[in-house]
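Values quoted throughout were computed directly from the atomic coordinates according to the rules given, and no laboratory measurement underlies them. What you see is a predicted model, and the numbers here were worked out from it, not measured in a lab. Neighbour counts run over all protein chains shown; Cβ positions are idealised from the backbone, glycine included.
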């Protein structure tokens with residue numbers, strides 16, 4: 001009975017094992033992937049293959065068949081066809097060159113075999129998925145980096161990869177495009193390095209003889225960049241040429257290590273895409289969702305971040321090695337499991353042995369599952385680290401953009417006072433006279449703007465010290481109330497001149513506190529300066545000093561009822577380099593103020609509402625228990641301002657140009673509108689131009705548009721950086737409005753690059769002048785623009801034909817003239833036609849039409865109407881037999897007598913005499 005039971009159990013066990021084996025085989029379908037590599041001889045290609053094999057550890061159901069074409073197009077075509085004959089389920093191909101490989105890839109794709117193209121593209125869209133970095137973007141990134149490193153000028157040698165390959169072509173195009181904005185950067189030589197170091201060494205010898213001076217060598221990969229470095233090191237010892245490559249591979253003698261060893265100045269990460277290729281292949285084979293075009297991200301690797309990148313890549317490599325070792329252990333366990341299973345199937349010695357074998361198999365399976373779980377956890381950890389690297393790169397890019405914006409603003413801050421200083425000096429030199437009033441005014445303007453520059457420089461130095469953590473606190477016990485009164489005094493004259501209610505409130509006449517007077521002085525002055533800058537005349541600015549309920553903190557409020565801030569500007573007011581909508585400063589003043597208060601172990605906060613004002617709150621701890629010994633000054637010293645703040649805060653010393661405006665009764669033909677938020681700049685330009693032109697002023701974009709539409713000046717001078725609407729917006733609006741499109745516009749700006757000039761000209765500006773500028777040049781350009789407008793007006797006058805119907809020439813001024821003349825021609829017989837009716841028909845005000853016609857044609861509306869009627873009357877007198885009365889009625893005169901009077905005044909002959917003279921000039925036969 002026991003024997004039968006054993007046999008039955010054994011049979012049942014065999015059947016169960018057989019069914020399990022069949023089910024296990026059916027659940028683990030096997031796939032074969034063919035990989036055709038253009039060449040496996042360089043480190044980057046080996047890294048791609050290694051990445052694929054590493055990813056395959058997570059896909060045991062996939063087998064990889066690898067073929068190396070060794071850079072031969074014909075061989076790669078044969079390799080692909082051989083892989084297809086072997087019965088692959090999916091093809092991965094990295095083309096040697098696009099055109100020769102495209103036909104065979106299309107052939108495979110049309111056979112129904114999925115195709116993944118990696119790294120290099122083909123000349124067709126017949127593929128399943130593409131994985132690779134954007135070579136054009138990498139080339140453009142390299143060009144931008146090179147222009148920054150060279151400071152916008154220098155000589156470059158470019159070393160191509162294989163010219164027929166898409167990476168080489170796209171990297172070159174992106175690189176050239178990025179350098180197109182830097183005319184002082186010259187590519188003195190370029191040649192084909194074929195991705196190989198030996199080719200570079202042979203080809204570079206000829207290039208170096210052609211270019212005596214080379215500032216930088218840009219190679220399409222790190223291997224060629226290293227070859228160029230060796231050639232220069234041997235041919236030009238001591239040379240300071242920079243070398244930049246692409247790939248950014250980890251490991252010895254690879255890109256990251258070469259940057260770390262200071263052999264390369266920089267490299268650009270070019271991901272291999274090996275892992276992504278296997279993962280995408282797995283999704284395709286398993287009918288899961290996948291992306292067709294997978295563009296891998298890149299970043300620059302230079303001495304600033306090479307250590308971080310090296311640590312990350314070394315760690316990833318170490319973890320990858322751990323994964324391989326653990327996979328080997330898994331394989332050992334699987335082999336052991338297999339051997340035990342075979343032994344069970346062969347011997348079947350006893351049920352006990354079968355149970356033990358089964359238990360061993362279950363144990364091995366559980367262990368494998370646990371190991372796989374650990375591998376998955378490590379894989380997720382690696383992915384998280386990659387995401388962290390990408391996030392770090394994004395933050396670095398954001399910081400770079402903020403700093404670029406900061407330096408743009410600081411250049412504007414520097415160039416405006418420089419323009420005023422240079423202009424005043426030029427005037428003193430040019431006059432060379434004993435006009436002491438003018439000289440004193442100019443010297444005072446020079447001194448004030450020199451002090452302003454000194455303050456900006458000091459802010460930059462403080463900013464640098466804060467960044468380097470080298471800004472110590474030197475606190476002394478002083479009377480806080482008296483100290484604030486002293487700082488407030490710098491603004492007394494400005495407050496009185498602008499009729500601003502400027503008060504200090506508080507219950508105590510004296511309040512002792514420990515603070516650094518130099519730093520707190522800069523904080524309060526900066527807050528007051530902002531308050532006066534953004535508070536209108538007749539406004540209110542209040543400072544309040546009190547002690548909070550706990551008695552531990554002094555509280556200082558600086559409050560105004562000015563323009564206020566939007567919620568977004570208020571949230572970012574203390575961010576470094578941030579400039580809000582109503583600010584054109586450097587963006588570091590409030591950030592520095594907050595840093596200074598944090599050095600005091602206090603705080604600086606604000607609350608603001610757009611259109612209603614802003615309130616800053618300073619919290620300063622009382623006593624000195626919160627201060628360390630090195631934060632307390634060794635001895636009390638009297639505080640002295642290091643800058644004449646009163647000269648900056650008070651602008652009442654400007655010469656009394658307003659008196660000149662009131663007393664100037666000279667009749668001037670042309671009117672100029674000056675738009676600038678800097679009062680001194682407006683005064684400087686106004687003082688120079690006022691003897692020759694009528695002057696209008698505006699301090700922001702909105703008021704500039706209002707004045708332009710209401711006064712229709714003959715020329716506008718506009719700064720680019722304005723609060724509210726900037727100069728670009730103002731120019732675009734004016735040039736696209738029929739009422740003001742004819743007005744010449746001169747843009748003044750601190751942004752003098754060719755890109756900014758192109759941007760200004762595209763908006764329709766007639767002239768783009770960078771600060772600091774020579775005033776004589778501005779004056780001559782104004783004369784030339786007004787003269788050219790007069791010539792254009794004469795062209796319109798002589799070119800118009802009153803019998804011509806309206807057309808649409810595509811120009812606002814020409815369209816206006818055509819509409820205007822067509823309207824007059826159509827209604828020339830209407831004796832009641834006048835300026836009001838014409839303005840109504842054109843959809844404009846009478847004043848706007850009058851000024852537009854006067855500017856473009858040089859006539860008033862009535863004068864032009866009379867001229868048209870007389871011209872038609874001449875035609876009728878010479879070519880018809882109608883009576884004078886009939887002609888007078890036909891051309892819109894109310895009576896023949898009035899017609900005859902006007903005709904004789906203009907033509908110097910009566911209508912009858914004019915007709916008789918015509919008959920005498922052309923007698924009948």
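Per-residue packing, averaged as other Cβ atoms within 10 Å, sorts the ranges 493-500, 616-623 into the order 616-623, 493-500, beginning with the highest. Spin-label pair residue 176-residue 505: with each label point 7 Å from Cα along the Cα-Cβ axis, the two points sit 6.9 nm from one another. Apply 1/(1 + (r/R0)^6) to the Cβ-Cβ distance of residue 829 and residue 737, taking R0 = 41 Å, and write down the FRET efficiency to the nearest 0.05. The calculated FRET efficiency here is 0.80. Sorting the segments 889-897, 783-791, 189-197 by their mean number of nearby beta carbons within 10 angstrom, highest to lowest, gives 189-197, 889-897, 783-791.
For a modelled paramagnetic label at residue 610, 7 Å from Cα along Cα-to-Cβ, the residues of the range 722-744 in reach, with backbone nitrogen under 13 Å, are 724-725. Label zone (residue 385, point 7 Å along Cα-to-C-beta; backbone nitrogen cut-off 17 Å) within the range 32-74: 51-52, 54-55.
Distance between the modelled labels on residue 289 and residue 123, one decimal in nanometres: 3.6 nm (7 Å Cα→Cβ projection). Taking 41 Å as R0, compute the FRET efficiency from the Cβ-Cβ separation of residue 894 and residue 847 and round it to 0.05. The computed FRET efficiency comes out at 0.95. Computed from the C-beta positions of residue 74 and residue 110, the FRET efficiency with R₀ = 25 Å rounds to 0.75. Specify the inter-centroid distance of the range 686-740 and the range 232-304, based on alpha-carbon positions, in whole Å. Cα centroid to Cα centroid, the span is 52 Å. Here the label points at residue 598 and residue 396, each 7 Å from Cα along the C-beta direction, are separated by 2.3 nm in the simple model. Fully extending the segment from residue 627 to residue 538 would add 27.8 nm, taking 0.36 nm per residue of separation and subtracting the current Cα-Cα distance.
Pull out a ≥ b ≥ c, the square roots of the eigenvalues of the alpha-carbon gyration tensor of the range 307-411, then state rounded if a/c is under 1.5, prolate if not and a/b is larger than b/c, and oblate in the remaining case.
Numbers: a/c = 8.70, a/b = 4.88, b/c = 1.78.
It comes out prolate by the Cα gyration axes.
Quick one: Cα centre-to-centre distance for the range 307-377 and the range 526-540, in angstrom? Centre-to-centre (Cα) distance: 74 Å.
Of the peptides 124-134, 525-535, 78-88, the ranking by mean beta-carbon count within 10 Å, highest at the top, reads 525-535, 124-134, 78-88.
Gain on full extension, evaluated as 0.36 nm per residue between residue 879 and residue 786 minus their Cα-Cα distance, stands at 29.4 nm. Which part of the range 591-628 falls in the paramagnetic zone of residue 552, meaning amide N under 13 Å from the point 7 Å along Cα-to-beta-carbon? What the label zone holds, given the 13 Å backbone N cut-off, is 602, 620-627. Segment residue 134..residue 496, full-extension length gain: 124.1 nm, with 0.36 nm per residue of separation and the alpha-carbon distance subtracted.
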